[in-house]
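A.B. asks: Take a look at the following structure, please.
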Amino acid sequence: MLTHFIGGQPVAAGTTFPVHDPVTGAVAGQAHEADPEVVDRAVRAARQAARDWSSMPVGERAGWMRRLAEGIEARFDDLVAAEIADTGKSLEQTRTLDIPRGIANFRAFAEIAAQRPEDAFHLSGMLSYTVRRPLGVVAVIVPWNLPFLLMTWKLAPALVAGNTVVVKPSEHTPGSAAVFAEICAEAGLPPGVVNIIFGYGSAGQLLVEHPGVDAVTFTGSTKTGSTIMKSVADRVKPISFELGGKNAGIVFDDAGLDRAVEGTAKSVFTNGGQVCLCTERMYVQRSIFEDFCAALAVRAQEVELQPMISAEHREKVLSYYALARSEGAKMRAGGSVPLFGDHRDSGYFVEPTVVTGLSEWSRFNREEIFGPVCHVAPFDSEAEAIDLANGSEYGLAATVWTAGLDRAHRVAQRLEAGLVWVNTWYLRDLRTPFGGVKLSGIGREGGTRSLDFYSEPTTITIKLEQHDA
Ligand code: 6OD
């Protein structure tokens, strides 16, 4: 039974809810569900801890971040097991991406914060400089697709900037956060600096609305982001949102077919397509369109399957497969439910799917599906490819596949997206700004942008009297 972590202690309060194994659909565990009293207790614990934590020198807080990174290393296998149990991710991905990124997040923000210079201007007659102060208590609302990676991506900068936090992981994926609570306790982190509560969206809603919460960071759907934004509008709380996507990829005929297909397969099928950065719309130059579709369809059939996170999410993805069929799409690969002949048949799997033949106006091509699926359409000119890619309400990420250096820069700079990858996908430098435009989010995190969000500058200006010696 997973318990909340409040004020440095496990707290077994509130009713409980089941957590399912997406590989089999079976109930794999239970967690306590935060009610209003639990939420209030967590926020109070965070507020109480904020005084000492915020006044600690940043170098000391950076030391705590390094200790947490070491704690993650020491509990690496437990975190891997917890993350796989909740998500059904592959061992390979969990060991090489999800958990290592937690370590990297704490180490990176320890360095970035400790080395960050402040503004200072010495003009005739005055000295003007800034100090940055933490926001106070930050609500950290974490999605189910990359639970540990995204929790630590938000926690590390929030904490090193001097905030205390209340984390609400997704109801589907409480496991790695529960192990992290133990890591905080084992490391001796001051009680109340990190608090973790479990529950559904209703618990998250109570948390963001709590008057003791000063700011909200959220990664998840645009719909939930919009709900949170309305809930905090009256108190004008700072928000940082990374939301949905309908990411486009453009393949030019000079890209090298094998490289483009391989990279696209990764960008479409990784994590079962359940990454906000995954590509769902591909545009391929007409001369290589048929070859590209055929090769991607082959790759789709070779992918190691990862289940959808829940029965409900699987139904959603399958409803888009059905929609594509009903609109006359050509299913180049997949389009239904795989049959294993074993325990996985009651799990939440769908087939990796490649679709062609739908209009740009089809709901399939406009709405985020968040599964292992993409639509592929041909284009004739560079300008047309850019227009097609930009013809979305979303703007998180895009990929461009070409050997042409000039074209790579030209196209990348014209794409309406917060992130553009050229001849690669999801290659990250944690110091760069990360986030989306349009319905894909508001604000940027990453490097000093994260520290900017998690703190407020105060400008101090001193008049300097001019005296002759
Ligand atoms: O890699 C990251 O830092 C990041 N924020 C990834 C987000 C993925 C969303 O599903």
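A.B. asks: So which residues in region 171-189 are touching a Gly at 6+ places or on another chain (Cβ under 8 Å) and not in a helix (DSSP H, G or I)?
C.D. replies: GLU171, LEU189
A.B. asks: Could you list all residues from region 422-444 that are under 23 Å from ASP254 (Cα atoms), in contact with a strand residue (DSSP E or B) (Cβ under 7 Å, 6 or more places away or on another chain) and touching a residue at least 40 places away in the same chain (Cβ under 8 Å)? First the steps, then the outcome.
C.D. replies: The initial filter retains those residues of region 422-444 that are under 23 Å from ASP254 (Cα atoms), namely 422-427.
From what's left, in contact with a strand residue (DSSP E or B) (Cβ under 7 Å, 6 or more places away or on another chain): 422-423, 425, 427.
Listed by number, the residues that qualify are ASN423, TRP425.
A.B. asks: Moving on. Being more than 16 Å from the ligand (Cβ to nearest atom) and outside the structural domain of GLN93 (by TED's automatic domain parsing) is true for just one of ASP214, ASP234, ASP253. Which residue is that?
C.D. replies: Criteria check complete, one pass: ASP253.
A.B. asks: Okay, moving on. I'm told THR96 meets every condition in (1) open to solvent by 40 Å² or more (accessible area, probe 1.4 Å); (2) away from the ligand (no atom under 16 Å from the Cβ) except one. Can you identify the failing condition by its number?
C.D. replies: Of the numbered conditions (1) open to solvent by 40 Å² or more (accessible area, probe 1.4 Å); (2) away from the ligand (no atom under 16 Å from the Cβ), the odd one out for THR96 is (2).
A.B. asks: Which condition breaks for HIS32 when tested against (1) under 30 Å from SER455 (Cα atoms); (2) open to solvent by less than 30 Å² (accessible area, probe 1.4 Å)?
C.D. replies: Result: HIS32 fails condition (1) only.
A.B. asks: In the list VAL317, VAL337, which residue meets the criterion of being β-branched (Val, Ile, Thr) and part of a loop (DSSP other than H, G, I, E, B)?
C.D. replies: On the way: VAL317 fails: part of a loop (DSSP other than H, G, I, E, B).
When all the criteria are applied, what remains is VAL337.
A.B. asks: Could you list, in sequence order, all residues of region 139-169 that are in contact (Cβ under 8 Å) with a residue 40 or more places away in the chain and assigned to a loop (DSSP other than H, G, I, E, B)?
C.D. replies: Answer for region 139-169, where residues must be in contact (Cβ under 8 Å) with a residue 40 or more places away in the chain and assigned to a loop (DSSP other than H, G, I, E, B): VAL142, PRO143, TRP144, ASN145, LEU146, ALA161, GLY162, ASN163.
A.B. asks: A further question on this structure: Within region 447-469, restricting attention to residues that are open to solvent by less than 40 Å² (accessible area, probe 1.4 Å) and within 16 Å of the ligand (Cβ to nearest atom), which residue is nearest to the chain's Cα centre (by Cα)? Steps first, answer last, please.
C.D. replies: Pass one, region 447-469, residues open to solvent by less than 40 Å² (accessible area, probe 1.4 Å): 447, 450-451, 453-455.
Of the ones still in play, those that are also within 16 Å of the ligand (Cβ to nearest atom) are 447, 450-451, 453-454.
On the way: GLY447: 15, SER450: 14, LEU451: 17, PHE453: 16, TYR454: 17 Å.
Ranking the qualifying residues of region 447-469, first place goes to SER450.
A.B. asks: From the list PHE241, PHE269, PHE198, pick out the single residue that is under 27 Å from VAL19 (Cα atoms) and in a loop (DSSP other than H, G, I, E, B).
C.D. replies: That would be PHE198, the only listed residue that is under 27 Å from VAL19 (Cα atoms) and in a loop (DSSP other than H, G, I, E, B).
A.B. asks: Would you pick out the residues in region 267-296 that are open to solvent by 10 Å² or more (accessible area, probe 1.4 Å) and more than 16 Å from the ligand (Cβ to nearest atom)?
C.D. replies: GLN285, ARG286, SER287, ILE288, PHE289, GLU290, ASP291, ALA294, ALA295
A.B. asks: Please enumerate the residues belonging to region 363-393 that are in contact (Cβ under 8 Å) with a residue 12 or more places away in the chain, more than 23 Å from VAL437 (Cβ to Cβ) and open to solvent by 10 Å² or more (accessible area, probe 1.4 Å).
C.D. replies: Passing the criteria: PRO378, ASP380.
A.B. asks: To continue, here is another question. Kindly provide the set of residues from region 429-446 that are among the β-branched types (Val, Ile, Thr) and either open to solvent by less than 50 Å² (accessible area, probe 1.4 Å) or within 11 Å of the ligand (Cβ to nearest atom) (or both), ordered by number. Walk me through how you get there before you give the answer.
C.D. replies: The first filter runs over region 429-446 and keeps only residues among the β-branched types (Val, Ile, Thr), leaving 432, 437, 442.
Once the filter is applied, which keeps residues that are among the β-branched types (Val, Ile, Thr) and either open to solvent by less than 50 Å² (accessible area, probe 1.4 Å) or within 11 Å of the ligand (Cβ to nearest atom) (or both), region 429-446 yields THR432, VAL437.
A.B. asks: Could I ask something else about it? Could you run through region 193-214 and say how many residues are within 21 Å of CYS276 (Cβ to Cβ) and touching a strand residue (DSSP E or B) at 6+ places or on another chain (Cβ under 8 Å)?
C.D. replies: So the count comes out to 3.
A.B. asks: Based on this model, can you work out whether GLU242 counts as surrounded by 23 or more Cβ atoms within 10 Å (Cβ to Cβ) and charged (D, E, K, R)?
C.D. replies: Here the answer is yes, as GLU242 does meet what is asked.
A.B. asks: Quick one: is THR16 free of Cβ contacts under 8 Å to residues at least 40 places away in the same chain and assigned by TED's automatic domain parsing to the domain that holds ASP86?
C.D. replies: Yes; evaluated as a whole, the condition is true for this residue.
A.B. asks: Also: Just for strands (runs of 3 or more DSSP E) wholly inside region 1-100: which have at least 1 residues that are within 21 Å of ILE309 (Cβ to Cβ)?
C.D. replies: 16-20, 27-32
The values are calculated or read from the model by the stated rules, or taken from the named source; none is laboratory data. Here the structure is a predicted model, which means the values were calculated and not measured. Quick reminder, even Gly has a Cβ in these numbers, built from the backbone with ideal geometry, and neighbours come from all protein chains shown. Heads up: the accessible areas ignore ligands, DNA and RNA and are worked out on the full protein's heavy atoms, side chains in. Shrake-Rupley method; radii C 1.70, N 1.55, O 1.52, S 1.80 Å.
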